[in-house]
Each structure stands twice: as structure tokens, then as C-alpha cells.
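Visitor: The structure's right below; bear with me while I get my questions together.
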Amino acid sequence: MDELNIATSYSNSTNNNANGSNGNSNGRKNTITTYKWDLPRIPGGRRRRIKRDTDSPTAPPRPPEQGYLIFVSQMTTKLRHDNPDRHHDQISAIRRISPMWHSMSEEERGHYNDLARDAKEEYAELLREYRATGSYGPFRCIEKVRDKKKSGEDEKEDVTVEEEHRNSLGPWVRIPYERKNALEKEIDTYDVVCFPPRPPEMNEDYERRMKESRARRRRKIREEGLKYY
């Protein structure tokens, strides 16, 4: 099994007691618990224990279960692509996108609802395959759009988990191309679909405001004698 995902932790690892029984003094057997982790052990680094198969970074990604959520992700990508110099506020974006959804025809909404239903069924098949074999095949009805590879850029052989996660932040769309709607075909023409939280020129002002906010909080904690976490 992939060493990236596995670390072993021993519990009740004491030797057998003097009577030679296979267990502790309470009569319970010693056990060995095997945990899975999303990252290898790195000094000073943080990692997350995987409690379910679906949490593993090697498991098939779970598509949205509602057509509305697929539409929101696609429209968010379009809004961010059309307004690259504006700070993105997802709450404001939802307020613009929700009326669009409600004004769509039944046929237009049906495209997304049918996609969500088909993707849910296919995800269940891939998850069963993953649990049985440790791997899975590609989706046949849906995929995530990624940033297009720049001209002259070679494909990386070793991709980190963090890079893979960022590359998978694009919206879900219908496949094959012949079954896409107009919005999905437009998104296919974008060179970039994974956007930073804010334009680079806004980073300095953002960091300044965050620093001032942390300073105010520390000052308030000192004045009120509260414990700072």
C-alpha cells in the first residue's frame, strides 16, 4: 500500500502478563491499530488522519450532488474570468448567480440536474472499484476543468498532493464535448480556471489590514486579561 497514506500506531503494546495470557490485566486482548494519513510524516509539518476511504487523496473526487451547485461553480468561474482585476466575494457572487438559476427554463436546469444524477451514480461505481482494487478509472459523464498548459511547458512527472489539489479547483462540466451546453463550451476556451483569492496588486493592502486586525485583537486581549490562543 502507498507509503504516503499509511502510518502505524500501536496501542496496548505491553508484553503479555506474568500469567502468560494474551491480553492486559483486564482480560482484553492487545490490539494494533492502523491509521491512514493524507501526507507523509514531515518534521514540523501538519497532516490529517483519514477516517474514511473517501477522505483519501487517492480516492475518486466526489462531484456535487445538486445541479445548482454545478451551475454555481461554472458561473463563478465565468465571473472571475470576466473580472480578473476585482476582489472576489463569493457571497456577492451567489447573490448574482441565484437569480440566474431561477430564471432559467426547465430544460436549462435539467441539463445540470441530469448531470448531477448521472455523476452521483458513476461516483458510486468508481468508489466501489477503488475500495476493491485501490484504483479507479476515469469519469465518463463529468470532469473537472483545469488550467491549460502553457506553450512550451512540459508535463510534470512528479506532482505533489498540494499541486494536484490546486489543479483540481476548476468547475465540473459535462463530457463529452458534444453534450456540453453553451456555458461549458465557453469555459473550455479559458486558459485559466483556477484563480487566486485576490489580484496580486491587492495582496499588500490585504496583508496590511490583516496585520492591523491581529494587532487590535492582541491589544484587546491584553486589556481584558484574556488568554490568547
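Visitor: Inside the range 91-120, can you point out the residues that are exposed (fewer than 11 other Cβ atoms within 10 Å of the Cβ) and assigned to a helix (DSSP H, G or I)?
Guide: 91, 95, 99, 102, 103, 106, 107
Visitor: Further question on the same structure: When you check residue 164 against the structure, is it in a helix (DSSP H, G or I), exposed (fewer than 10 other Cβ atoms within 10 Å of the Cβ) and either at pLDDT below 95 or acidic (Asp, Glu) (or both), yes or no?
Guide: It is false that residue 164 is in a helix (DSSP H, G or I), exposed (fewer than 10 other Cβ atoms within 10 Å of the Cβ) and either at pLDDT below 95 or acidic (Asp, Glu) (or both).
Visitor: Further, regarding this structure: Checking residue 205 against (1) at pLDDT below 85; (2) among the charged types (D, E, K, R); (3) closer than 30 Å to residue 66 by Cβ; (4) part of a helix (DSSP H, G or I), only one condition comes out false. Which one?
Guide: Going through (1) at pLDDT below 85; (2) among the charged types (D, E, K, R); (3) closer than 30 Å to residue 66 by Cβ; (4) part of a helix (DSSP H, G or I) one by one, residue 205 breaks only (3).
Visitor: Continuing with the same structure: Within the range 51-59, is even one residue modelled with pLDDT of 90 or more and surrounded by 16 or more Cβ atoms within 10 Å (Cβ to Cβ)?
Guide: No, every residue in the range 51-59 fails to be modelled with pLDDT of 90 or more and surrounded by 16 or more Cβ atoms within 10 Å (Cβ to Cβ).
Visitor: Checking residue 176 against (1) at pLDDT 85 or above; (2) on the phi > 0 side of the Ramachandran plot, only one condition comes out false. Which one?
Guide: Result: residue 176 passes all but (2).
The values are calculated or read from the model by the stated rules, or taken from the named source; none is laboratory data. What you see is a predicted model; the values in this text were computed from it and never measured. Cβ: placed from backbone, ideal geometry, glycine included. Neighbour counts: every protein chain shown.
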